[in-house]
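See below for the structure under consideration.
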Amino acid sequence: MAWSGTDVNDIEQNYNARLTVPEFVQHVARCRTITAKVKSDLNAISDIPYGSHPRECFDWYPCGKTGAPVHIFIHGGFWRANDKSDFGLVAGPVNKAEANVAIISYPLCPERPLAQIVQSAVRAVQYIVRYASDEGADTSDLTIAGHSAGAHLSAMVLSHDWAAEGWSAHPFRAAVLISGIFELEPVLQISVNREMIHLTEIMVPNLSPMRFPPSDVDVLLPVGGDEAPMWMKQSEKFAEAIRSAGGKARYVEIPGRNHCNLMETFENSSYPLPRMTVDHLYPR
């Protein structure tokens, strides 16, 4: 698919979530309120550092079962906003499936360039695995998920050269990449990039997982059925790229949900997105 040459105004309307979902602030606020309750109910351990930057920390939601698997979630916000306190609500349904959950924060643009944010995500995984092992978790059963920019970072983590770190070449069993952005060429043309991201053309190939899709992990790619068409196409095409590379990937649309209120559904384990997320990560 040609990502360039499209009308700039169309790209702005499709890729700027603050335009596609004008009430996005209210949605994030609601997710934060739900997260506060979930953290209290599940006795989460907050602000565990994995690096030297103040935002390099994670919240740990233990499921209370020795030898339980580990799930890592990376929040969205176009690499420029939000943090783990906005999206810890995803831990509720996963904890119910008897898995430990780590929700990470990371430094944001423009303070840190995107390549360094990717490095933070990798560093978070490395630390979380050590921490989880000390807590008695089963770190051989590792899964990852993310929303929006967090889905991009999760895809970059999946494509990291883990063997060079002395790890298994394929440490993740499954992934859920929710409404992600996987080809960064369109980002060059939107206002968010000029104001905050500062992505350049030379950076795009190395930061676009569409160009090096994972082939060794089972990936679910959900999107909201009411999302912007170009944004939805990112996930659809990434699923195709994964399958072309010999991997497993499934693209699915959640009717009646947009880019922001899609995440609110994690408040209730019976809603379609949390249900299919848990079923994908921990099939019974």
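The values are calculated or read from the model by the stated rules, or taken from the named source; none is laboratory data. Keep in mind it's a predicted model, so treat the numbers as computed, not measured. Cβ: placed from backbone, ideal geometry, glycine included. Neighbour counts: every protein chain shown. Protein only, heavy atoms only, side chains kept; ligands, DNA and RNA dropped before computing areas. Shrake-Rupley method; radii C 1.70, N 1.55, O 1.52, S 1.80 Å.
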Is at least one residue of segment 228-244 in a loop (DSSP other than H, G, I, E, B), at pLDDT 95 or above and open to solvent by less than 50 Å² (accessible area, probe 1.4 Å)?
no
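Are any residues in segment 82-111 buried (at least 18 other Cβ atoms within 10 Å of the Cβ) and over 19 Å from residue 280 (Cβ atoms), and if so, which ones? Spell out the reasoning first.
First, the residues of segment 82-111 that are buried (at least 18 other Cβ atoms within 10 Å of the Cβ): 82-84, 86-95, 97, 99-106, 108-109.
The answer is 82, 83, 84, 86, 88, 104, 105, 106, 108, 109.
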Can you spot a residue in segment 38-56 that is of a type in the set (A, V, I, L, M), in contact with a strand residue (DSSP E or B) (Cβ under 6 Å, 6 or more places away or on another chain) and in a strand (DSSP E or B)?
yes
Filter segment 45-64 down to residues that are touching a helix residue (DSSP H, G or I) at 6+ places or on another chain (Cβ under 7 Å), closer than 19 Å to residue 269 by Cα and open to solvent by 10 Å² or more (accessible area, probe 1.4 Å), then give me how many there are.
1
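Look at residue 67 and say whether it is part of a loop (DSSP other than H, G, I, E, B), in contact with a strand residue (DSSP E or B) (Cβ under 8 Å, 6 or more places away or on another chain) and either modelled with pLDDT under 95 or open to solvent by less than 50 Å² (accessible area, probe 1.4 Å) (or both). Walk me through how you get there before you give the answer.
Numbers: part of a loop (DSSP other than H, G, I, E, B): yes; in contact with a strand residue (DSSP E or B) (Cβ under 8 Å, 6 or more places away or on another chain): no; either modelled with pLDDT under 95 or open to solvent by less than 50 Å² (accessible area, probe 1.4 Å) (or both): yes.
So residue 67 does not fit the description; no.
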Would you pick out the residues in segment 112-146 that are open to solvent by less than 10 Å² (accessible area, probe 1.4 Å), more than 18 Å from residue 161 (Cα to Cα), of a type in the set (A, V, I, L, M) and not in a helix (DSSP H, G or I)?
145
Can you name every residue in segment 265-283 that is closer than 15 Å to residue 34 by Cβ, of a type outside the set (A, V, I, L, M, F, W, C), assigned to a helix (DSSP H, G or I) and touching a residue at least 60 places away in the same chain (Cβ under 8 Å)?
267, 274
Given the condition over 12 Å from the mean Cα position of the chain (by Cα), on the phi > 0 side of the Ramachandran plot and outside any helix (DSSP H, G or I), answer yes or no: does some residue in segment 71-94 qualify?
yes
